[in-house]
Every structure is written in structure tokens, then in C-alpha cells.
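Below is one structure, written out as C-alpha cells, with a few remarks after it.
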Number of protein chains: 6
Amino acid sequence: MANIVVQTIERAPLAIVDGLAHCGVATVHEAQGRTGLLAPHMRPIYPGARIAGNAVTISAAPGDNWMIHVAIEQLQAGDVLILAPTSPCTDGYFGDLLATSAQARGCRGLIIDAGVRDIRDLKEMDFPVWSKAVHAQGTVKNTLGSVNVPIVCAGALVHPGDVVIADDDGVCVVPRADAEAVLAIAQAREANEEAKRRRLAAGDLGLDIYDMRPRLAEMGLKYV
Amino acid sequence: MANIVVQTIERAPLAIVDGLAHCGVATVHEAQGRTGLLAPHMRPIYPGARIAGNAVTISAAPGDNWMIHVAIEQLQAGDVLILAPTSPCTDGYFGDLLATSAQARGCRGLIIDAGVRDIRDLKEMDFPVWSKAVHAQGTVKNTLGSVNVPIVCAGALVHPGDVVIADDDGVCVVPRADAEAVLAIAQAREANEEAKRRRLAAGDLGLDIYDMRPRLAEMGLKYV
Amino acid sequence: MANIVVQTIERAPLAIVDGLAHCGVATVHEAQGRTGLLAPHMRPIYPGARIAGNAVTISAAPGDNWMIHVAIEQLQAGDVLILAPTSPCTDGYFGDLLATSAQARGCRGLIIDAGVRDIRDLKEMDFPVWSKAVHAQGTVKNTLGSVNVPIVCAGALVHPGDVVIADDDGVCVVPRADAEAVLAIAQAREANEEAKRRRLAAGDLGLDIYDMRPRLAEMGLKYV
Amino acid sequence: MANIVVQTIERAPLAIVDGLAHCGVATVHEAQGRTGLLAPHMRPIYPGARIAGNAVTISAAPGDNWMIHVAIEQLQAGDVLILAPTSPCTDGYFGDLLATSAQARGCRGLIIDAGVRDIRDLKEMDFPVWSKAVHAQGTVKNTLGSVNVPIVCAGALVHPGDVVIADDDGVCVVPRADAEAVLAIAQAREANEEAKRRRLAAGDLGLDIYDMRPRLAEMGLKYV
Amino acid sequence: MANIVVQTIERAPLAIVDGLAHCGVATVHEAQGRTGLLAPHMRPIYPGARIAGNAVTISAAPGDNWMIHVAIEQLQAGDVLILAPTSPCTDGYFGDLLATSAQARGCRGLIIDAGVRDIRDLKEMDFPVWSKAVHAQGTVKNTLGSVNVPIVCAGALVHPGDVVIADDDGVCVVPRADAEAVLAIAQAREANEEAKRRRLAAGDLGLDIYDMRPRLAEMGLKYV
Amino acid sequence: MANIVVQTIERAPLAIVDGLAHCGVATVHEAQGRTGLLAPHMRPIYPGARIAGNAVTISAAPGDNWMIHVAIEQLQAGDVLILAPTSPCTDGYFGDLLATSAQARGCRGLIIDAGVRDIRDLKEMDFPVWSKAVHAQGTVKNTLGSVNVPIVCAGALVHPGDVVIADDDGVCVVPRADAEAVLAIAQAREANEEAKRRRLAAGDLGLDIYDMRPRLAEMGLKYV
């Protein structure tokens, strides 16, 4: 199972992928039962980006970015690269040259549970990255890994072709087979939230909108 | 003492609160003897905001944001919500819907030793938050807590009605009874700093302005 | 060796220093064999700054900023202050008054493995800082330290007069004696990267540009 | 309020203190409504100790242990020293000489949200310490602090004379005025647990002993 | 998929499980291609234990240990409990009462990416636990979770019935279907290591035993 | 400078090395002006060991232990191995086979700012290790590093042949040229401490022994 590149993976249709991007990470994660989030240490290198894409997964040795070159050949338009090192690492696996290459093949961004560098260039290129660290530390090309195998990235299980959504709130993974159903729930949730938002903006209380007072009283909350 | 909501709290006058906001966190904390700061892991979700408000305090279970709904009913114009979980937590207790509700009641911002989400919306709404984490992880409404009781938030003791000041340097708490006196000291400090700033900008050295050379010599500093 | 101020240090010529700033941290660190980086917890207080300067080093007690006043007198135009506390500390050693003084003497920025405050003012002044923390916590002036002695700052050895480069990717130190040679390598590397960037942007793969396929096959990478 | 030594404090009777020690941290914290625990980074320097004592509190500057000497004079038999630095610190404030002095005055141990050293000697002396770190880093005696003022230590509010309980599970603080009542609840809880322990050891399930099945079913737990 | 209890799972034969325990974590993880380890923050509560068992998995809300009661009913002799909270948590989910119950049903230990308490009792009972934290903080029973579903625990994917091995080096998971094959490789590795150990103890060098010198020279290592 | 092995280094006489071991880390670090300590995250894998030795230094890539094999050939009786990875790493670089080899050549222990495994065997062999982590994660042998070059390990600068002292309080480095002088100061300090210990044990206060009362009063400490 080690040191393989899976060349054919199934992907979610981009219409669904783009719909999930529009809903955003918080809504999508709620829509699939509060699951799928990567850990909160995964932060965007600049604010404001919101993307979704089909996952091309990378399992790489610490301090070794060789498999990113291998993975880029597997990219299709609408994909997102997602890398998990085999042990904790903060090295800068990825910079502007790799981003140029990935972007040329239609890649929408990178999710990496390690470090990234050339932040200023990546921002100018509009190539967003969510990472554990920013560090200039260079890497080597000495040890094999795998591309398009299941990985655990920042605490979340990711299969190749899953839909990855990322924005200022973090990163969420939706299994490919669930993507259409999750999108439907997320869109319904959004519509529902809009009505609530108007009531709350008008001064109505969540205590009343959600009818919380009886259960609070029953459980023993005391007003003094 | 557990699971209570205190409905009547004393607050500092908003003229004093606003004066403290104008001085900023660093100056206010110096003015009260270098005390009152929350821990440095409390960071703003976007740069540039500077607020102060009277504290409406929340003690909540990990991963449970029920008490925020309860607290919002207690808000008055000029208040700030401040939440301490009963054990360490990074979940996203608070997002744009709760912010809409809090803002509708005059709340100026949130201080939370846990996570927050919907960052992009909060920035657009101009609702600042200082938090330990940004995470989309949703929360439940199953466990009671308390509102307007004394809490320890990020290492600082906060009583309801205390003045909370927050800006890019972090968060500071001033006991309500001390607010007026601390403001006076802070304003005097600011005036004093302005004169020093001009001398330093002109090239004078702190070594001379503060007459440090004799004591440095006495303590044994050697120039070689 | 303790509690001394070295008043005469050798510096690298500013033409070389400025050349290294232009190349940036990632390129310079590669040019000197992937060495010299400070740890990834050293982050800029605002994005976009890129500086280089000759190091005026400070060894200071935890929570005591007295030696910064002493160091400012030693500054020349084109210098950078770099401070390592003698034990881990997040206090705000440095704010807008010290920055005004340092800037008046030609200092280009501060590198500090501790905390900094007055972030908003420092940004307005265009005085960049790379630090371990942002914290308003004030410091005292009770304990001696040293200026312009060798220090270990965030894991990197720094001698006074070494060239310190800092940008959004972090901080790198180049020994003064190596600065000219490292600059030459860095500039050659930049030229070389430009050609690669064009090929990658056109869709060529790193696998082919760097001729990686034979060695990948030899080491056993399997395409399935 | 700064830089004071309060010489007269009220203490809880040692019979109550010793009763709380016997119950242990987990039971006592449950008995007072799951409150009073210090953060989980506070760990014993060697396993097996279980103590309780009346708190003699210390607020000290980072890297400065002067106030420990001052506090030792305030100790009575049955006291525990508890120190919070004014900003995060891992230095070794306390070693075998201070322990010898404290022990000579009847002190039962130290709780310190910072570092400690001379671990081997402390263990031989049977002087237990709960700390954030073990580090040999020495400290200075240059900056004043306070003794027997309220402090926040590792997230818990501690008043002088409160009862501090510490064992392998961590550290818990009981307000002096509540100590007798908490002890009664803790002892009742212990008696109650003994009966449950026997049933559980015999193979009875908590699901049945606590009658959990109906509520689990009502909330929607599905067995498949 | 949420809030379910899977009552029938396949398990590995105990002869294989016990064989893997005998090999230990380091050897087993090597035998399956350096995969399956939980993160290094998972530490034993006391040294010296070495266990293996079939996984009964638990997904639980932060600060809520209700599902442990549910899981205990599913235990068979030779099982190990393994719990992942749905968001990061250090609370003490598990203590001596639950351990008594689990042990009565043949459970060999607990792996928990959260906190545990009653350390002294657990050691006396010889019920080993590997955890992220030791903390007395009590938990509630308000929110449902799941038992015997796939979980990601401390970065590793675990299916119910997988074999979990734990010792002083940490925790490793072997997929049930691979357990027999991995055991064979691990035992072969052990035999092979014994011969090497004798040569190394006699003073032979790894450089010679593994014939490393030619490749080191080829790659450019210089002896000076 | 990269990828070299320095075969001839100067060492401190073992009589001095052993004298420093006897004094222990805390005393030695004080004796050289409170310098030379490694960071507090460096902890022994089992309590009670106290060693000193001449440093054989290793600079190694993350997750690659090849250079340890190279370094072992350079060991002499009385040496200590000390390894710094070129970027942060917790992998288990070292286990019982390498320890057998190192011990066969007279090595007294390992200091490693990364991970170690086979803890149980190392304890049985009486081969002490101070490390940043315990983790079973295996490493590769693909990337060169260097042996017996200056390194920064856990924040301390170490030259080959320096004396490394390690015990339960952590790890300290003494430059080879200073070792004899530092030993003399450390031994004097020990003698001096013995007298103080007797006075403190008899109940005398540090306030009086060190004549602290006048300066405390002068600085403004108030007894109330």
C-alpha cells in the first residue's frame, strides 16, 4: 500500500463543489452533522479566500516535498491539493514555483498540515493555502510517499476525490458520495438562517425564537 | 451558586468606558499597576478594532453555547460579552446569528477563551471578537451554566460590570470601582508620553531622558 | 562575559544587506544551504514588510526591557535590533516609544523572541517587528543583560553585525563574513527560478523539468 | 495594592484540611460543584503524594523568586505555598534550599505555575511540588511582588487561607469559608461511591445502576 | 450515522492480539510499514504497562462521558476502550468507578485523546490508560455520541475490532484484517533484531553491519 | 560546511567531567553565570539518572537517523551523543539497538531535541536519554547531515567536546575551555550551600541569612 500513485479517482461534479464553496465551511459542517472539520490549527495564509475542490491527497515524509511534484501531474481543473506529513512537521514544503505549476493545471489551493513559504507571492498569485505553519525552511526530495490514498490530515479522514471546502473559518471535508445530499441540506439551512437573522436583527431573542425558556426552567436555571 | 443568571448588575458610566477605550489596552494596564491583562493567546479575529464595554460574563460548559442566548437578554447598550468555558475548548461557540442578536441589543463585541466562527461575516458586520481560536466546530445546547457571575477568563478575574478594554494588543479588565481612577491615571500617562515621544523622535536617548546611566554603572554594566 | 555592552562591531556593507532584503528569507536561506532560519513561531505583527539589517543583539532577563534602552544608543542606520530573553517570555518588551527612539537612529525593525505591544502605532509608524507574541504586559528595568554579544534567538545563533533578513516567511540570519557570497548565490538562484517559473506556468511539470521520473521509478514508486 | 505582605490571614482548621486531603482532588472538586481545579498543565514532580494545606499566596515577577523568601516567614504548620507569576514563566524559582526552609516552618508543599528544580533532592526530602515545568534556570531577587493577596494561579482564583488539595490528579482550591461544607459533601460522596464500586465490580452496568436506558432511548440513541 | 451503537463487531483472535502485545508498539508499527501510530501526546499514566486488545471505539462530545457507560456494555474479554472527543478536550472522562466496571467485563485498558483521573486508584487496580492529559475535571451525561463506529483518535484511523497495542512508547493500531500478517512480520523482525543486537553489543558498527559506507560516500559525506 | 564528519575533537578530562556530573545541572548552570541550559521541554525518559560526558554532536534531517550510525563510530568512553534536527521533529530516532551500539563504545547517554523509543529497554539497559518526545515513529536513512559540528540544541549552542551535564532538572552545556573553572566554582558553591542548608533547616530565615530586609524596605515592600 505504501509508495503508490493512484491515477484514476472519482470526483464530485464541479457544480456541487462550487455550491459547497458558496455555503462555506461552518454551514457545510453543520449540514453533515457537525463532522468533517480539520483541527483549528489549520489557518489561511491570508484572509478572505473561500474555495472548494476535489481532493488530490498526498502522504509525504517529514521535510520532503517530492510527492508534491508527483501529485501535480494528477491534478485536474477544480482540484485541491491536501497533504499530511507522516509525522509532525512545520517545514515549508510549498512555495511560489509549485503554486505556479499547480495553478497552471487548474488547482484551486492547498491544504497542508505542515508549513508553507513565499507567502507574499502566493497572495499576489491568488493561490490560497491553509496550513499549520508559515516557515521558509526548505525540504528535500529523498523519500517516497503516496498520492491519492486515504490520509488523516489535521485529524480528519480524507479520501481522494472528496470535496474539501476552506475559508476563514477553517477547512471541512465532505465525502464524495455525500456531497450532493450535504449541499441540499446546507442550502436549506442557509435559507432558514436568513429568516432568523432578520428576526434577531429586529431585536427578537433566541430564547423566544427557539422556545428555550421552558427547558431552561425545567433544567433548573435560576434568575436572581 | 451554579446555574444562575444575575439580572441586575452595576455598570461603569459609558463616558468612563469610552475614555478607557481611547487610551487602549497597553496604557490602561500600565495605569492600574500592570494588572488585569488576559493571556496573550487572546487575539482579535481582524486587526484594527478598539473597544471597551461593561462586562456581561458567561460561564459555559465545553462545546455548549446555550448560555450565550441567555446572556444576550441581559445586554444593555455599551456592554461586552465575555465567556470562559469551564474547561479548555476551541469550539466555535459564536457566529453571525448570535452577533446579529447581540449587536441589535447594543453589544460592542465578544471576548471568548474558546473558538468563534463566521469570521468573514463578523468582519463585515463590524462586530469584533477576541478569541483563543477560530474554528467552525458547532456547539450544542444541553448543559446549563451561569450569566453575570465572577469568572476567570484567560487568567484574569472578571466581575460582571467590570470594564473590558480590547484592541490589537489584547484584552484588559478594570474593576468597575477603579474605572474612574484608572482613567485619570491613564490620561495623565498619555499626556506624559507625548512629550517623551517628541524628545525620542528628535534623537534624545532614553538613557538620558530617564537618567539611567548612573544606576547602570552602579549595578556593574561594562562598556567594552 | 555577562552584563557587557560591546560598542564596536563590524557590519556588512548596506549594499549587500539591501541585496539580501530584496532576495527575501526563503531564497537567502536556500542560498546558504538551508541554514540560519529562526523558528516558525516568529511572526510579523503586520503583513507585507520585508527588511534586512545588521544585527545589534540584546540578551535580556525575562520581563525586563532595560537593555533595549542601552542597545538603542549602539544603533547605526541600517541596523536591526534582535533580542533573546534568557528564559521563555511573552511580555511586551517594546512599544511605540522605544520604536520612535530606534527609528530616530536609523533602525529598520525589531526581531524579538518574546512579546511586543502598541501594534497599531507600530504599523502606522511603519516599524516592523517579528515576535513570538503580541502582549500588552509591561516590563521592568531592574536586571542587567548584555548588548552585542552572541545570542541564540528562536533557535538560531546570531553574532552582532550578522545580517538579519525578515519578511512574511519569517526571519533568517547570515553570518557577516558570508554575506557577500550568500548574496551572489541567492541572486543566481533567483535568476534561475525565473526561467523555471515560466516553464511551470506554461504547464510543464517539475517531474520533467527536474528529470525526476527515472529516480522515482528506481526507488519503487508505483503508478496504479 | 501592589507590593504588600499580609501578615494575618484566617485559616481553615487542620482537621478539615486533613479530611479534604484524604478525599483527594477529584472527589473534592465534584463535591463543590465541579469547580476550583487548576489547569491540567500543573503536574506533580513525583507520583504518589497527596496533600492539603492552607494557602500562603505569592504574586511574583517572571524570573524573580525574592517573594518566596518573604512568604516563608509567613508560614505556619499545615500551610502550602502557592505562587503565580505575573506573566508566563518556566524558570526554576524553587529548589532544595528554599524547601528546607519552608519545611522547617511546617510547610507541606508548593504549587507553582512556573518551574522548579532540584527535583531529586525534593523527592528525597519528601517535599512535594506541583508545577508547570521542571527547569534548572535560576532566578534573581530584584523586583517586588506580594504575599497573601488574592491570585489567579493556573486559571483558578485563590485567596490566602483557602484550602489547597493536591495529588496525582492535579490541584484543587476550596474557599476557606466553604471548606467544612465541602468536606461533608465529599465524605458523603465517598461513602456512596463505595457501594457503587462493589456493584460495578460484580458486573452490574452503570446503564442500569444509574437508570440511563430510558433517557438514552428518548434522546434517540440507536442500537444496530 | 450519528448517535448509534453497533452491537456486533468482528474481532481479531486473542492469540494474535497477545502476540502483537508481546512484540510491542515500536516493532509492530515497523512491521506494518511505519503506519498506525497515534500522536506522541498520548502517554501512559504510569510506566511499564504493555497491552493489546480489540478496539471498542467511542465518539463522545467534549466534557461528556455518557457514551463510556454505553460502551462498557459492549465489552468482551480482551477488548480495549478507545475514545476520541468530537473536539479537543482535556477533561477527566474516566476514573476508578468506570475502570472497575470495564475491568469486570474483561477490558484491558483505555486509550483516550482527552483526560483521565483517579490515577492512583487506576495504578493500584492495574488498569492502564494512555491519555492526552491527567485532569480531575468532571464530565456530564447530556449529549449522545456513538459506539463502535470508525473514529480518528490522536491522528490515527481506528475501526471497531482493530487491534490496539500500547506500551511506554505510545499506541499503535493494526487493522483487524492485517493483524495476522503483521504479527508474522513483527516476529520475524524481532528474531532478526536479536542477532544484530549481539553484534552491536560486541562493538560491531551499524555502518558495517548494514553496509552503509559506500552509499554515504556516494552521496558526498566528507570525513575531515 | 554541510555533510561533514569531524573525526578529531578535543575533549575535557574525565575527572573534570565526572566532577561536573556530581555537582548536577542546577549547580553547574549557576556556576557559569546562569547560562548553558537547554529548554525545559527536554525531559529524562526515566527519573534518577545523572550523567556528564563530552559532546559528540549530530545535525540530522527531520525523520532521518542515518547520522547517528555515523556518529557512533566517533564515540569514545565518556562521551554523550547530542542531536539537533534541522527542523522540529518528534520521531523516534533512537532505540535499543542504537543504544546497545553506543553503550558498547562507552557512550553514557543521549540528548535529543526530538523523539526516542524502546523506553522500557533503555531503562533496563541503564542508558539514559533526555528528549523532547517519546514516540515509536520510525525514521529513514536517506539524507546526509553532519557529525561534530557546532549545533543549536533546544536553544543552547553546543560545540563538539563541550561537557554536557544531565539529570532530573534538565540538561546543561559547559564550553570545554571553561570546564575546569566552572567545576571549581560549582564545588565552592556546593560547600557554601551546605552551611546555608543547616541554618535553614534549623529555622533561620533567608530574609536574615541573606540580609534582605533593608533592601526590601527601601524598595517599598509594605507589611500590613
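The helices (runs of 4 or more DSSP H) found entirely in region D:1-93 that carry 1 or more residues being without any contact (Cβ under 8 Å) to a residue 60 or more places away in the chain are D:14-23, D:66-72. The residue list D:ALA114, D:ALA136 contains one member that is within 18 Å of F:ASP169 (Cβ to Cβ), open to solvent by less than 10 Å² (accessible area, probe 1.4 Å) and either more than 7 Å from chain F (Cβ to nearest Cβ) or touching a Phe, Trp or Tyr at 6+ places or on another chain (Cβ under 9 Å) (or both), which is D:ALA114. Taking each residue of region C:174-199 that is within 23 Å of C:VAL158 (Cβ to Cβ) and looking for partners that are surrounded by fewer than 16 Cβ atoms within 10 Å (Cβ to Cβ) with beta-carbon atoms closer than 7 Å, six or more apart or interchain, yields C:ARG176/C:GLU10. In the set D:ALA77, D:ALA60, D:ALA99, only one residue is in contact with a helix residue (DSSP H, G or I) (Cβ under 6 Å, 6 or more places away or on another chain) and more than 10 Å from chain F (Cβ to nearest Cβ); that residue is D:ALA60. Screening D:ALA55 against (1) more than 14 Å from chain E (Cβ to nearest Cβ); (2) open to solvent by 20 Å² or more (accessible area, probe 1.4 Å) leaves a single unmet condition, (2). All of (1) aromatic (Phe, Trp, Tyr); (2) in a loop (DSSP other than H, G, I, E, B); (3) closer than 16 Å to C:MET42 by Cβ hold for C:PHE127 with one exception: (3). Pairs are defined by a Cβ separation below 9 Å, a sequence spacing of at least 6 or placement on different chains, a first member in region C:209-224 that is facing chain A (nearest Cβ under 9 Å), and a second member that is assigned to a loop (DSSP other than H, G, I, E, B) and β-branched (Val, Ile, Thr); the pairs so defined are C:MET219/A:THR143; C:TYR223/A:VAL6; C:VAL224/A:VAL6; C:VAL224/A:THR8. Among the residues of region F:28-50, those that are surrounded by fewer than 21 Cβ atoms within 10 Å (Cβ to Cβ) and under 30 Å from E:ARG43 (Cα atoms) comprise F:ALA39, F:HIS41, F:ARG43, F:TYR46, F:PRO47, F:GLY48, F:ALA49, F:ARG50.
Looking at (1) open to solvent by less than 10 Å² (accessible area, probe 1.4 Å); (2) closer than 27 Å to C:GLY170 by Cα; (3) not acidic (Asp, Glu), can you tell me which one A:THR86 breaks? Of the numbered conditions (1) open to solvent by less than 10 Å² (accessible area, probe 1.4 Å); (2) closer than 27 Å to C:GLY170 by Cα; (3) not acidic (Asp, Glu), the odd one out for A:THR86 is (1).
Conditions (1) modelled with pLDDT under 95; (2) open to solvent by 30 Å² or more (accessible area, probe 1.4 Å); (3) within 14 Å of chain C (Cβ to nearest Cβ); (4) in a helix (DSSP H, G or I), marked per residue:
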position: A:ALA166; (1), (2), (3), (4): no, no, no, no
position: A:VAL171; (1), (2), (3), (4): no, no, no, no
position: A:LEU183; (1), (2), (3), (4): no, no, no, yes
position: A:GLN187; (1), (2), (3), (4): no, yes, no, yes
position: A:GLU194; (1), (2), (3), (4): yes, yes, no, yes
position: A:LEU207; (1), (2), (3), (4): no, no, no, yes
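Considering each of F:LEU221, F:LEU200 in turn, give the residue that is out of contact with any Gly (no Cβ under 6 Å at 6 or more places or on another chain) and within 30 Å of D:ILE45 (Cα to Cα).
The unique qualifying residue is F:LEU200.
Of the set (1) away from chain F (no Cβ under 14 Å); (2) on the phi < 0 side of the Ramachandran plot, all apply to D:GLY155 but (2). Among (1) open to solvent by 20 Å² or more (accessible area, probe 1.4 Å); (2) under 25 Å from E:LEU14 (Cβ atoms), there is one condition E:ARG120 misses while meeting the rest; what is its number? Every condition holds for E:ARG120 apart from (2).
The values are calculated or read from the model by the stated rules, or taken from the named source; none is laboratory data. Only a predicted model underlies this, so the values are computations on that prediction, with no experimental measurement involved. Here the Cβ is made from the backbone with ideal geometry for all residues, glycine too, and neighbour counts use every protein chain on show. Accessible surface areas use protein heavy atoms only, side chains included; no ligands, DNA or RNA. Shrake-Rupley method; radii C 1.70, N 1.55, O 1.52, S 1.80 Å.
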